[in-house]
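Reading through the structure tokens given below for one structure.
Here, each number is a calculation from the coordinates, and none is a lab measurement. Note that the structure is a prediction, hence the values are computed from the model and not measured. Cβ: placed from backbone, ideal geometry, glycine included. Neighbour counts: every protein chain shown.
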Amino acid sequence: MKFKNVEVIKTKENFFYLDWDLEQNDPAPIPPESIDDYKFQIYWARDPASGFLAVLDDSGNPVEIDGAIGPLSYTHRVKQYDFEQEQYYKIYAIQKIDPFVTLFSWIVFIGMYEDGIHETMRYAEDLLYSRYYGEPCVIIKRKSFGTRCPECWSPERQQRNKSHCETCDGSGFLAGFYQPISIQISFDSNPAKNDLQKEWENSYNTKRARLSNYPLVRPKDLIVNLDDNKRYVIAHVETTKLPKLSPSISVLSKQNYILSQLLTLEELNTDDNEYHIDIDNITAIPASDDGNTGGVQPSNYRYYGLNTNTTLTNDQILALNKELCVNKSNTHIYNCTAGGYIWICYPIRFGTATFTVNGFTTTFDLTIQTVTNEAAYTESYNCYRSLRLQHGSAITVAVS
């Protein structure tokens, strides 16, 4: 096994995002290696000559990313006081079954940006998508290396032998997709272009979209628009780059500084494997040093529904209805004819909420609880309860 690419970019002040991928050696060993057999640590330095140190979690242990769970990315949060200070990184791969089998990636680095143009342009891109014309989406990164699907993969032919496989959702890999990453994406304002194929071929919609430099995406990754629930596969990725402005030393990173990504998307049909991926139940990923997951903000759930109790246990919260939560805003209609309190619980990181019930501003009672979800991920939640038992048949609650 060898590293295929390693990249580090700065997503915002004090946040350094690393993304990497691997591939099989040529010729491949027998039996072939899998990325699932490795775990990864991140090493960093401000002066490579003085040596590298492992990035540590809150408990003082090296951060580890499981190759079987992923994604193969991480956000390192470093408080900077000298913004001309360079940051060097390399990735350390460790075989799980034999920890003495290891390999380091090459060194990548963030250079000095003396005129600030990189930071200004990156901030403008991020602001446009997050505040003005971006739409809430999740990105589902496809595994490109790992344990092959036992149902559809042919070792002899080295290709899939089934066009529709429910085991791997068409990826060719066992657990072939990583957990969703919440992000704002700007879609082309023009209607989707219909590219009609030959009579016996399916027709599909192509669309252009744009996002900032986080997270880095690749062809075959998936995008779900949470506003209209349309699903797309990334067909092509173009990047807007500026050269690194490091004046006096050799540039160790192979890439220029990525500011934004321009995507060509193909809309998935309902008979495509990827269309039916349950984005609410993809395997969870391990926590990073700044409270995120695998270097990205975890896509956790909103729980909502009815319960006659004035307080809820963790299991009772999980028993409510659930949906992927990327912000606090939501609107639902509740049938309370049997009587019950309306409960709405979401991650505390989205802030406090205001409530409108059937068009009238209303107060809900707030408690803060630690909630452990079905994937064993723990996070603090705002848990709101209606002040009184409700008995109406169609109560519309809007949260903002």
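Just want the ordering: 275, 303, from fewest to most Cβ atoms lying within 10 Å of their own Cβ.
On the way: 275 17, 303 23.
Taking fewest neighbouring Cβ atoms as first place, the list is 275, 303.
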Checklist outcome for this item: Least to most buried among 20, 44, by other C-beta atoms within 10 Å and fewest first, runs 44, 20
Checklist outcome for this item: Taking every other residue with Cβ under 10 Å from the Cβ of residue 349 and scoring Lys and Arg +1, Asp and Glu -1, one gets 0
Checklist outcome for this item: Summing +1 per Lys or Arg and -1 per Asp or Glu among the other residues with Cβ less than 14 Å from residue 370's Cβ gives -1
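Among 174, 103, 366, rank each residue by its count of other Cβ atoms within 10 Å, from fewest to most, as a rough exposure measure.
On the way: 174 18, 103 14, 366 11.
Listing 174, 103, 366 from fewest to most nearby Cβ atoms yields 366, 103, 174.
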